[in-house]
Every structure is written in C-alpha cells, then in structure tokens.
C-alpha cells in the first residue's frame, strides 16, 4: 500500500509555492510524522520544509501511518504536498534516507531499494561534521511493548488517536479565548510514561545499543519526545509532527539542535527559532 502511494506521488503534479531562502543545515532528522492520520500536522511540516534545507535529510520512521490507513483512508491535500516536497528536494540533490518504523513497517520489505531517489534502509550510521558517529534508527525494535505485545500497541495507538481528537477540540476552545496551544494528549502521555519510567528506560536501552555498535551516539524517534542528552553516549530523539512539531538539525560544525515549529513562518515576529540544545 505505501509503495503504491509513493509511486503515485512520483507522477503527481508539483504544487507551486512562494520561493524564499531556506535556513540551511548540514543534516536534518525528522520522525513520527504519521501522514495518513488525522493528528498529523502536515501544514506545519510543509512550512518547516519550505524554510529549512540540508545536504542530507533522514526520515527516521513512522513518516506514513500504515496502521491508520489500513483501518480508514485519510489523505488530504496537505499530506500529499508533504510527500511532493520531500520528493522535490530529492530531485534537487538532497540525499533522502528513509528508515521505516513500526507504523510504516511495510517498507522494511524494500530495504536497499530507492523510491524517487529516496533510499530505504533499516538503520544507518551518520558521521557528523566533528567526526562523531551516530546510529540512526527508529527505535521500535527496542520497545518491549511493540516487540512482545503487538496487540497492546494497537490498542494504545487507538487510544492515542482519541486523545489527539480530544486535544484538537480542547485547543479549539482555547483559541476562542485567545489562549495558546497546550497539548493535553502529550501531558497525559508523559504522566503515564513517567509513572512507569518508560522514557528513561527507552533512552538507556538505545544508548546501550549505540555503545554496543561502537558509535558515539544514537538518533531515533518512536516515543514522540524530543531530547538531546549526553551521559557518555549521546542520545538524540527527533520528537514528532503530531504534537510537538520538532526536528533535529546538525550545524556545519557538528552541533545538534532541536527545532520546534509550532507556528508558521508567516506568523513569526522573531527570526526562526527555537528550542536549541547541544550534544557537546
């Protein structure tokens, strides 16, 4: 299904948009977009891609939500535009590396192949400008729930979609009263996960895998919680484009930062920017 979708995009007309000079990085890392789900904030991602560019862009899993598309088809124009934008960047010379996650795992049947210039790999090692090496992997294979209780993961996925729906309604009322965006679903998720120490365990396991493979750090996604930590082994998580709208950028000197893009560029009164952290 996902491979047919990608092939369809290769023959779809391009969507014109105003030209502006993007902020350029050495590398960009994006994960957990969940195209095909109603919670996906495709408009914000498209705006982000128009204002940011890189020599290499890593798509770190769950870019398309195959689980949701199998249960009910949802593919508005904004989702189509995101795919077109990524393919357009590939045509213009950007190296695009796609690492499937659990929601787009069907693409794991096509490891080593290319779709419109996009390389599909299970995992890879990224060498940063400062010489440090990072394992790039989605992370679901190290999630005990996904590995050993798949049915529970699907139940959790549907509950999460319900939380996203409630979140949209909740923030609609907040906007009516001039209040800023607040993620109810992310708050609830973090409360639950902190209770069982899930995030901490996930970070520890991924860092241990990076150490086992003899690299300096790991760049992943999966848990929708953007972070950069350095406890001997550097742990970097891209976050997601459902709630936090974050990506990870590598500067030309090897520094990494988390970019949060919850407001379109046209509504920004300040320069592009952003929540930044460094791995050094």
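So the values come out like this:
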item: Calculated FRET value between residue 109 and residue 260, using beta carbons and R₀ = 45 Å, to 0.05; result: 0.85
item: Ranking of 253, 130, 240, 216 by count of other Cβ atoms within 10 Å, fewest first; result: 253, 130, 216, 240
item: Projected label distance in nm at residue 132 and residue 21, using a 7 Å step from Cα toward the beta-carbon; result: 2.9
item: Two-site label geometry, residue 125 and residue 91: point separation in nm, points 7 Å out along Cα→Cβ; result: 3.5
item: Stretch gain in nm, segment residue 50-residue 173, where the contour uses 0.36 nm per residue and the Cα spacing is subtracted; result: 41.3 nm
item: Proxy reagent accessibility, fewest Cβ within 10 Å first, across 261, 67; result: 67, 261
item: Ranking of 35, 44 by count of other Cβ atoms within 10 Å, fewest first; result: 44, 35
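Every number in this text was worked out from the coordinates using simple rules, so none of it is lab data. Given the structure is predicted, the values throughout are model-derived calculations rather than measurements. FYI the Cβ positions are ideal-geometry reconstructions off the backbone, even for glycines, and counts take in every protein chain you see.
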